[in-house]
Structure formats: C-alpha cells, structure tokens
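Note sheet for the following structure.
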Amino acid sequence: KQKTAAGTARMMVEARLSKAPTVTQSWELRTTRNSRRPGTTTASGNYVAAKRKGVVDGIDYQHTGSVRFVQSEPVTQQLDHGNIVLLSNLGYSAFGEPLNCDCYSVAVRAAIDLSADKLVVVSPPDGDPFMETLTTNKTNNWLPVHEAERLLLGLGNISESSADSSVESEPQLWSEGGSWDGAVASGPSSALRSAHDDLDFDTWYELGLPMPLLAACMVCKSGVKRAHVINASIDGGLLLELYSTDGVGYMITSDHYEGIRAATAQDVSRIHALLQPMVEKGVIVERSHETIAAEIGHFTVLERDNMLLACAHVRSLGKSENSGLMVSELSAFCVHPDYRGSGKGDALLQYVEEKERAKASEAEARVMVLMTTRTADWFMQRGFKGDGAAFQSDVLPSARREEVDRRRNSQLYYKIL
C-alpha cells in the first residue's frame with residue numbers, strides 16, 4: 001500500500017510539472033519552439049539510502065525504514081542539467097528492498113546532504129500548534145534557531161523537570177552540529193538518543209512535537225542557513241514566501257537576518273535612498289552622498305535580509321556651557337514607510353539611547369537632543385521634552401546653536417540619559 005501511495009503521489013506531481021505553456025502563452029513569449037515539450041523535466045530514482053527500523057520494544061516494524069543518507073552527487077548532476085528531482089518517502093536498503101520512510105526524514109537529510117541554502121516545509125492547513133502559536137505574534141514572522149528550540153520545548157511534552165539533571169538553563173534538543181546530546185533523553189522515550197542520527201522522526205511523535213518546526217530546527221542546527229514553514233491553505237504561498245520581503249510564512253534562521261549595527265561605507269547609497277523621501281517632504285535636512293560618506297561613522301542602521309529598514313545619526317556635541325551636560329545630537333532618524341508602526345523605530349531609538357547612556361557617568365550626565373519640525377509627537381511619547389526654538393535653546397552648546405538654520409525654525413527636544 002505504501003509503495004502504491006508513493007507511486008501515485010509521484011505520478012500526480014509529475015503530471016502537474018509536465019503541463020506545458022498554451023499556444024497563446026508561447027506567442028506572448030515570442031517562441032513556439034518548446035510549446036510541445038513538458039513544462040519541466042523531472043527525475044526520480046533510488047537516491048535515498050535507508051535501513052530497516054527493525055524490532056523496537058518487541059514490535060517488528062517490517063518494511064519501515066530509517067533514512068541513512070541521500071546520494072548528493074547524482075542528485076546534483078540532475079539539478080545541473082535543469083531537472084527537478086523528486087524524492088518520495090521510499091528509501092532503498094543495501095539489500096535492494098524498498099522501505100517506507102518518514103517524509104520529514106527524507107527532506108531533512110536531503111537538505112543537509114545537499115548543503116542546501118534553504119528548506120521549505122508546507123505545514124497542515126489547520127490544527128498545527130506551531131502555526132497557531134506563531135500567529136499570535138504579530139510583529140515577528142521569523143525566529144533565530146535558539147528561540148525556535150525553546151518554542152519546541154514549550155509545544156511538546158518536554159519540560160525541564162522531566163529532563164536530565166545536567167540540563168542547563170538554556171535547554172537544547174541537540175548539540176551544535178546536529179548530534180543528539182542526550183540532555184532530555186531520559187524523558188518520555190529512551191529511543192530519542194538515536195533519533196537524530198537515524199533521522200527516525202517516528203520517535204518524536206511521542207513528544208507531540210510539530211514536525212515542520214522540528215525539521216526546520218534540525219536543518220538549521222546542521223548547516224542549512226534558513227528554513228521556511230508555509231501554511232498549505234495559502235494560495236501561492238511558496239511564491240509569496242520566497243519572492244516578497246516579509247513572506248507569508250515563518251522562517252527559522254541560523255544566520256544574521258535582522259539586526260542593528262554600525263553603518264559601513266557600503267550603506268551610503270542605501271541610507272541616502274532611505275532619507276530622500278523625507279527630504280523631499282521637508283521633514284529632515286538633505287544630506288548628499290558625500291556628506292553621508294564623510295559622516296558614516298556616526299550612522300547606525302537596522303536591516304533585514306540586506307534591506308535597510310531604518311537609520312539614525314548620532315554625534316557628540318561636547319558640553320553645554322549652560323546646563324553643564326554632555327550633549328549627543330540625534331538626527332536623520334528615519335524608518336522605511338512599509339515598516340512604520342511595527343516597532344522598528346522604537347528598537348533603533350532604544351539602541352542608540354543605550355549606546356549613548358553607556359558613555360555617561362555619575363560625575364558627567366549626558367543628554368540626547370534632536371531638532372524637528374514635524375515629528376515632535378512621536379519623540380515626546382518616548383520621553384523627550386520640548387525646549388522651544390533650537391537656535392535659542394540653552395541646552396545646545398553655543399557653537400552648535402550658531403549653526404542652526406533659523407529659517408527652518410526647528411524645535412529642540414531633549415532627553416536626559
């Protein structure tokens with residue numbers, strides 16, 4: 001029955017991928033040369049090596065198998081020829097017998113053995129606790145792998161109380177590099193100790209762990225940079241996930257995806273492009289490419305997947321003669337229009353504030369100032385106080401006060417750090 005089901009599923013996928021463009025579509029593409037050929041060419045074979053699961057706790061699993069490895073070289077050759085390789089749940093033993101393997105085991109082993117950049121997992125359309133849990137988090141649709149591991153522990157029946165006494169404060173399901181560390185193996189199933197090595201996902205079902213999340217975490221801990229989990233009910237979900245900035249699913253990542261860092265020379269053009277719409281509206285003062293390049297050391301940026309989402313410019317103005325406080329000026333604070341209201345501005349502001357606060361001391365307090373004509377409300381809601389026209393403010397050092405363009409009539413706001 002399993003072989004029949006696997007063959008039927010493969011046949012249906014091959015049929016879908018064989019659909020060629022219509023004649024009208026070929027005309028639109030200015031070619032009829034390939035209109036009679038299949039849309040794509042597929043390849044399948046005995047690429048998955050497996051072994052019998054054997055007898056476990058007195059139960060003979062007969063033709064059930066555990067994935068040993070995926071033959072990366074012949075698969076890569078097919079991919080280099082432009083073919084789509086189809087891997088089913090069937091693996092083949094060294095004795096030439098077909099074995100029924102778990103599809104998640106095949107996918108994980110293929111991603112690892114092929115050194116894939118990504119693994120994409122389609123989750124059930126409903127009833128998936130992983131998707132239901134993440135749906136409640138409206139601000140993030142991605143997780144670092146260590147946070148995803150914590151989520152796994154919470155979703156399953158694993159608890160620190162059921163774990164080994166050697167478990168540390170940050171429990172892990174497996175050690176770095178992919179080998180099972182045995183930390184929680186003393187829990188519900190002793191078979192877990194070999195679960196990762198054999199990629200036998202059946203043993204994980206006892207813990208109630210969601211397979212899409214488990215597969216995503218496992219590949220990210222084994223060298224794959226990212227894994228995507230997409231709900232099957234989303235029409236066009238795969239294209240939307242891969243070809244839009246935010247996607248429609250959830251991503252587990254082992255590399256840098258989103259974060260705040262100091263700007264570099266490579267960011268000059270992107271900072272200029274981010275600021276330009278605000279410059280055109282008269283909200284912030286224009287800065288040329290040359291000016292940004294010269295002051296790049298004062299910029300901090302927030303980026304996601306190499307896309308600049310926000311930037312801020314902070315520089316020290318020295319001590320104010322009137323207040324006696326060391327003054328840091330915040331300027332060129334800008335968030336990409338698509339991400340306003342998503343907390344990116346708050347994250348960046350908190351970061352630069354903490355950075356400047358670290359420079360303060362008990363003997364020498366520090367104040368952050370900014371000059372604005374239209375964004376006062378946003379900053380006042382975050383603790384800044386008004387001090388009237390900037391060119392008249394005693395909070396500024398006199399040298400900076402003389403540089404203020406009176407025609408803009410920018411208002412000064414400050415915050416004691």
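The values are calculated or read from the model by the stated rules, or taken from the named source; none is laboratory data. It should be emphasised that the depicted structure is a prediction, and the values quoted were computed from it without experimental measurement. Glycine gets a Cβ as well: all are built from the backbone with ideal geometry, and neighbour counts include every protein chain shown. Please note that ligands, DNA and RNA were not included when accessible areas were found on the heavy atoms of the full protein model with its side chains. Shrake-Rupley method; radii C 1.70, N 1.55, O 1.52, S 1.80 Å.
Tell me, yes or no, whether the stretch 61-69 has at least one residue that is over 37 Å from the mean Cα position of the chain (by Cα) and free of Cβ contacts under 8 Å to residues at least 40 places away in the same chain. Yes, some residue in the stretch 61-69 is over 37 Å from the mean Cα position of the chain (by Cα) and free of Cβ contacts under 8 Å to residues at least 40 places away in the same chain. Here residue 62 meets the list (1) open to solvent by 70 Å² or more (accessible area, probe 1.4 Å); (2) in contact with a Lys or Arg (Cβ under 9 Å, 6 or more places away or on another chain); (3) under 19 Å from residue 219 (Cα atoms); (4) part of a loop (DSSP other than H, G, I, E, B) almost entirely, failing just condition (3). When residue 397 is tested against (1) surrounded by 19 or more Cβ atoms within 10 Å (Cβ to Cβ); (2) within 20 Å of residue 269 (Cα to Cα), just one condition goes unmet, and that condition is (2).
The conditions of being polar (S, T, N, Q), at pLDDT below 75 and either open to solvent by 30 Å² or more (accessible area, probe 1.4 Å) or assigned to a helix (DSSP H, G or I) (or both) are met by residue 186.
From the list 262, 293, which one is at pLDDT below 95 and either farther than 21 Å from residue 408 by Cβ or among the aromatic types (Phe, Trp, Tyr) (or both)? Spell out the reasoning first.
On the way: 293 fails: at pLDDT below 95.
Exactly one residue qualifies, and that residue is 262.
Looking only at residues of the stretch 89-122 that are small (Gly, Ala, Ser) and open to solvent by 40 Å² or more (accessible area, probe 1.4 Å), we find that the one that is farthest from residue 216 (Cα to Cα) is 96. Of all residues in the stretch 11-50, which are part of a loop (DSSP other than H, G, I, E, B), at pLDDT 75 or above and surrounded by fewer than 11 Cβ atoms within 10 Å (Cβ to Cβ)? Across the stretch 11-50, the qualifying residue is only 19. Is there a residue being out of contact with any Pro (no Cβ under 9 Å at 6 or more places or on another chain) and open to solvent by 60 Å² or more (accessible area, probe 1.4 Å) anywhere in the stretch 326-337? Among the residues of the stretch 326-337, not one is out of contact with any Pro (no Cβ under 9 Å at 6 or more places or on another chain) and open to solvent by 60 Å² or more (accessible area, probe 1.4 Å), which makes the answer no. In the stretch 382-417, the qualifying residues are those that are farther than 19 Å from residue 316 by Cβ and part of a strand (DSSP E or B), and the one that is nearest to the chain's Cα centre (by Cα) is 385. Within the stretch 73-84, no residue that is surrounded by 13 or more Cβ atoms within 10 Å (Cβ to Cβ) sits with its Cβ atom under 6 Å from a residue that is among the charged types (D, E, K, R) at 6+ positions apart or across chains. Residues in the stretch 290-316 that are surrounded by fewer than 17 Cβ atoms within 10 Å (Cβ to Cβ) and either touching a residue at least 40 places away in the same chain (Cβ under 8 Å) or closer than 19 Å to residue 354 by Cβ (or both): 297, 305, 307, 315, 316. For the stretch 346-362, the criterion of being among the hydrophobic types (A, V, I, L, M, F, W, C) and open to solvent by 80 Å² or more (accessible area, probe 1.4 Å) is satisfied by at least one residue.
Only residues that are within 37 Å of the chain's Cα centre (by Cα) and surrounded by fewer than 15 Cβ atoms within 10 Å (Cβ to Cβ): list them for the stretch 363-375, please.
Passing the criteria: 373, 374.
Restricting 348, 325 to those that are in contact with a Cys (Cβ under 9 Å, 6 or more places away or on another chain) and aliphatic (A, V, I, L, M) reduces the list to 348.
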